[in-house]
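What follows is a short report on a single structure.
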Amino acid sequence: MRSTDEQAVAGAIILLMREVVYRELPSHEGAWQTLQKHRGPVADHFGTVGIDVVVDEVEGYAYLATREPEDGEEALPRLVRRRSLTYNVSLLLVLLRKRMVEFESSGEEGKLVLTRDQMVEMLRVFQESSNNEARIADQADRTITQATELGFIRELRGQPGAWEVRRILKAYVDAQTLSDFSERLSAYAGAAEGASP
């Protein structure tokens, strides 16, 4: 029979295999505490298959990442296949990350929450010009749904149309990626404005 600690470690391992673990979520509280208390055994479990447990204490999340091979090592097969993101999803993630930087630099506390309409408007600038508002909104809604399925945003309970931007986005879209993509977006937006009648 497993001890209570062994059971807790097994639970944390299983949850990490399924999703990002957040300190703030009540359903993740036990797994987060286990990571604080028994990070070594959890890391050792994944380490045998070339997976690192990344814990960001400041932002309050933990996730799994494939270990990069060292010099001369052959890369191990990926545990989780990479998904190629559509242009619209990539665009939304970068725009959300940029908004998160602005939110944090303003000194505001708490979570970044945006409405569906705000996200649609953010995307509209980079959409092909169209008079069909319904088509633009449908495409934005599909993009928001995909970003939700990937775990980067989540709709708040009891607040339909309000979305929390999850902090794991910071690990996915780093400062260099944000800078490079922002330059391209600025050039694109400038060209689109210049082409308008």
Send over a whole-number figure in Å² for the accessible area per residue of segment 1-158, probe 1.4 Å. 65 Å²
Give me the accessible area of Trp163, 1.4 Å probe, in Å² rounded to the nearest 10. 30 Å²
What do you get for trypsin sites (Lys or Arg not before Pro) in segment 1-88 restricted to DSSP loop and a cutoff of at most 10 other Cβ within 10 Å of the site's Cβ? Arg2, Arg78, Arg81, Arg82, Arg83
For segment 127-170 the trypsin sites (Lys or Arg not before Pro) that pass both the DSSP coil test and the at-most-15 other-Cβ-within-10 Å test are Arg157
Per the 1/(1 + (r/R0)^6) rule, R0 = 30 Å and r from the Cβ atoms of Glu29 and Val49, FRET efficiency to 0.05 is 0.65
Suppose the chain between Ala134 and Lys37 were pulled fully straight at 0.36 nm per residue; how much longer would it get relative to their current alpha carbon spacing? 29.8 nm
For a Förster distance of 41 Å, can you work out the FRET efficiency between the beta-carbons of Tyr172 and Ser3, rounded to the nearest 0.05? 0.70
Would you mind calculating the gained length between Thr115 and Arg67 on full extension (0.36 nm times residue separation, minus the Cα-Cα distance), in nm to one decimal? 13.7 nm
DSSP-assigned coil residues among GluC sites (Glu not before Pro) in segment 103-172, each with at most 13 further Cβ atoms within 10 Å: Glu108, Glu109, Glu128
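The values are calculated or read from the model by the stated rules, or taken from the named source; none is laboratory data. These figures come from a predicted structure and were not determined experimentally. Every residue, glycine as well, gets a Cβ built from its backbone with ideal geometry; the counts of neighbours run over all protein chains shown. The accessibility values were calculated without ligands, DNA or RNA, using every heavy atom of the protein model including side chains. Shrake-Rupley method; radii C 1.70, N 1.55, O 1.52, S 1.80 Å.
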